[in-house]
Amino acid sequence: MSDPGQPVLLADIGGTNARFALADTSDRMPLREDTVMEYAVADFPSLGDAARRYLDDGAAWAGGEPVRSGVFAVAGRVEEGHARITNHPWVISASRIREMIDFSSLRLVNDFAAQSMAIPALRESDVVALGGATWIPDSAPADRIYAVIGPGTGLGVGILVVRDGQHWALETEGGHVSFPPGTPEEIAILERLSAQFGRVSNERLVSGPGLVNLHRALSEIAGIDPGPMQPADITAGARAGDPRCMRAVDVFCAAFGAIAGDLVLTTGAWDGVFLTGGLVPRMLHALQHSGFRQRFEHKGRFSPNMARVPSMAVLHPHAGLLGCAVIARQSTATAMART
């Protein structure tokens, strides 16, 4: 990684947008928010081309310091420096990108590993509690486990394990776990989605495209063809009082709560679940006035335990980049300790 003070290029790459920024690893808050820029991934043939555009567009931001290292978070599984974006055709190679932009080092991480690593850098103003249990930065015990889950183009899941002051992000593809229906209505929805997709993962319901899937399934149950829809059409329809759009949003929020609660039981994330991703800020009001928290807590004999687990909506606009900046700072500190 870079020397302290030398800028590090950060990237948060999803199925729709590519966000870039610079980090100052000598700063306690290493993300330079004034350098954030966003591009549509569809506008570039590769991640290397998008990164090169950012470096060209923002050359003056580095203050004359060369940018020679980076931390890139990508929405897909990372294996030995390679990744394939789950909901976009880019195939990513760290070594190829490093050559394209003349970097000495480049680290690829899963996007929800970055979201997980953002947790220690979040402030109280960056989060809103859903339900009565809450989380306050720097007040938790030294050893803890957090879960992160977030709907956007897909459904991301990550885990943060804290032991003896050290932070370890576990990279997962938890959004592809099979969907477990919890009501007769959800069973009927699952039947229709199974006819379309075969196996139905959580991502098929709790994501932007999942919201469209829900609306179509509910429309089919009612014997109506809704025609082509986009997630924004459904959220706008819900705000305008359209009954099926409202129901789709309600089912989305309830299923999201049930899945987030199951994540706690599966991973032991009793210290809190952080809800992130592009849809959470846009649907915050709906989440606050839905069955999210009821389904989150409704876990039979473990319901009293679940009532004490915070579920926090993350409102920081660049949590993925913030997590990349924390990773860059951690890597720089580790490298300095070895010299």
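The values are calculated or read from the model by the stated rules, or taken from the named source; none is laboratory data. Model, not experiment: these values are computed from the prediction. Note: ideal-geometry Cβ built from the backbone for every residue, glycine included; neighbour counts use all protein chains shown. When the accessible area is computed, the model is the full protein with side chains, heavy atoms only, and any ligands, DNA or RNA have been set aside. Shrake-Rupley method; radii C 1.70, N 1.55, O 1.52, S 1.80 Å.
For Ser26, what residues show an amide H to amide H distance below 5 Å, using hydrogens built from the backbone and excluding near sequence neighbours?
Gly5
How much accessible area per residue does the chain have, counting only protein heavy atoms and a probe of 1.4 Å, in square angstrom?
Working: 15100 Å² over 339 residues.
So the chain comes to 45 Å² accessible per residue, rounded to a whole number.
Enumerate the amide H contacts of Gly291 below 5 Å, restricted to partners 5 or more residues apart or on another chain; note that Pro and chain-start residues carry no placed amide H.
Amide H to amide H, under 5 Å and 5 or more residues apart or across chains, Gly291 pairs with Ala254.
Show that you can apply the helix-only estimate: for the chain, add -39,500 (n - 2.57) for every DSSP H stretch of four or more residues, divide by all residues, and state [θ] at 222 nm to the nearest 500. Walk me through the intermediate numbers first.
Numbers: 12 runs with 126 residues, N = 339.
Calculated mean residue ellipticity at 222 nm is -11000 deg cm²/dmol.
Which ³J(HN,Hα) values in Hz, rounded to whole numbers, follow from the phi angles of the stretch 119-134 under the Karplus curve 6.51 cos²θ - 1.76 cosθ + 1.60, where θ = phi - 60° and Gly and Pro get x?
Those phi angles translate into 3, x, 9, 6, 9, 4, 6, 8, 9, 10, 7, 9, x, x, 6, 9 Hz.
For the stretch 33-45, take each phi angle, set θ = phi - 60°, evaluate the Karplus expression 6.51 cos²θ - 1.76 cosθ + 1.60, and give the result in whole Hz per residue in order, putting x for glycine and proline.
Working through the residues one at a time gives 5, 6, 9, 5, 9, 10, 10, 7, 5, 5, 7, 9, x Hz.
Enumerate the calculated ³J(HN,Hα) couplings along the stretch 316-331 in order (Karplus 6.51 cos²θ - 1.76 cosθ + 1.60, θ = phi - 60°), each rounded to whole Hz, writing x wherever the residue is Gly or Pro.
Working through the residues one at a time gives 4, x, 9, 4, x, 5, 4, x, 4, 5, 5, 4, 4, 5, 5, 5 Hz.
Could you tell me the distance between the Cα centroids of the stretch 286-337 and the stretch 234-281, to the nearest Å?
Spelled out, the Cα-based centre of one part sits 14 Å from the other.
Which net charge results for the neighbourhood of Trp168, defined as the other residues with beta-carbon distances under 12 angstrom from its beta-carbon, given Lys and Arg at +1 and Asp and Glu at -1?
Values: positive: Arg144, Arg163; negative: Asp143, Asp164, Glu171.
Residues close to Trp168 contribute a combined charge of -1.
How would you order 23-30, 251-258 from highest to lowest mean count of nearby Cβ atoms within 10 Å? Could the numbers behind the result be given before it?
Details: 23-30: 18.1, 251-258: 25.6.
In descending order of packing, they fall as 251-258, 23-30.
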